[in-house]
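Note sheet for the following structure.
Computed from the coordinates by the stated procedures, all read-outs in this text should not be read as laboratory data. Fair warning: this is a prediction, and the values are worked out from it, not measured in the lab. FYI the Cβ positions are ideal-geometry reconstructions off the backbone, even for glycines, and counts take in every protein chain you see.
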Amino acid sequence: MSIDTPFLLASLAALLVGLSKGGLPTIGMLGVPILSLVMPPMKAAVMLLPIYVISDMVSVWLYRKHFSVVNLKILIPAGILGVFIGWLTASYTSEAATKLLIGCIGVGFCLNTWLRKGPTNARGADIPRGIFWGTLAGFTSFISHAGAPPFQVYALPQRLPKVVFAGTATILFTFINAAKILPYQLLQPYSLNDLEHASVLVPAALLGTVAGAYLTKKIADVWFFRCVQIGLFIISIKLIVDAAAAWGL
């Protein structure tokens, strides 16, 4: 892969994936939308999966002592179910529809974050909500590695400690990403060229993972996430416009 615009965008996407795996939720959602500007969304999702898997190995070690067992018992099976549903429905989803879904997920998440008022009291983990949002997280993660918003809708009201929240997300998506390997290979088999392209992005992903763990502890969440949300909102609007143009709207 030459040093051109697609490569620079892919490197940026890998860095953002690493940052999210280091403990900065949501920022990894920018990866597929960024790559979708220069390639089909499904190809972007497939290209980034090895980056997610490698980053998972580092992030699990970083958060090996910080996670919610009760939440993971609910979310992991639900997330894997969501991956299976995504696999079954992938062949029926057009490129424009996928772009529209990614864009709506991003816009919906931003609007929900900006407009929603937080609950007065913290909510505990519960099975019905966990199954619903966990399954949705697995489904959206399969389509576009955009499983963070459903997870956050479920977990944020619990007001978990920051490192426990990050560790729970990390371990959950480690299982979800592992569950995606075989379906992705069946849908769009990896070639040697694909793996070579992905291997070039590994350093950026690992750098992002370590930096993400450091920044999680140092940067004030409110300022960082405002910038991420604005970027996500702009890219999501662009993808919605692209989908509308593809349908002649």
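Quick notes on this one:
- In the chain, the DSSP-assigned H stretches of four residues or longer account for a calculated mean residue ellipticity at 222 nm of -26000 deg cm²/dmol, using -39500 (n - 2.57) per stretch and the full residue count as denominator.
- In loop segments of the range 58-154 as defined by DSSP, the trypsin sites (Lys or Arg not before Pro) with at most 15 further C-beta atoms inside 10 Å of their C-beta are ARG64, LYS65, ARG116, LYS117, ARG123.
- Against the empirical curve 2.2 N^0.38 Å, the C-alpha radius of gyration of the range 1-111 lands at a ratio of 1.16.
- Gain in span if fully extended, LYS73 to LYS217, counting 0.36 nm per residue against the direct Cα distance: 49.2 nm
- Local electrostatic count, LEU49, Cβ distance below 14 Å [Lys/Arg +1, Asp/Glu -1]: +1
- Most mobile listed residue (VAL32, VAL164, VAL69) in the chain, GNM with C-alpha springs under 10 Å: VAL69
- Dipole moment magnitude, nearest 20 debye, the range 5-246 about Cα centre, only Lys, Arg, Asp, Glu C-beta charged: 840 debye
- For the chain, the equivalent ellipsoid derived from the Cα gyration tensor has semi-axes of 25, 20, 19 Å, listed largest first.
- Estimated D of the range 102-249 in µm² per second, where Rh is the Kirkwood radius over Cα pairs and Stokes-Einstein applies at 20 °C, 1.002 mPa s: 122 µm²/s
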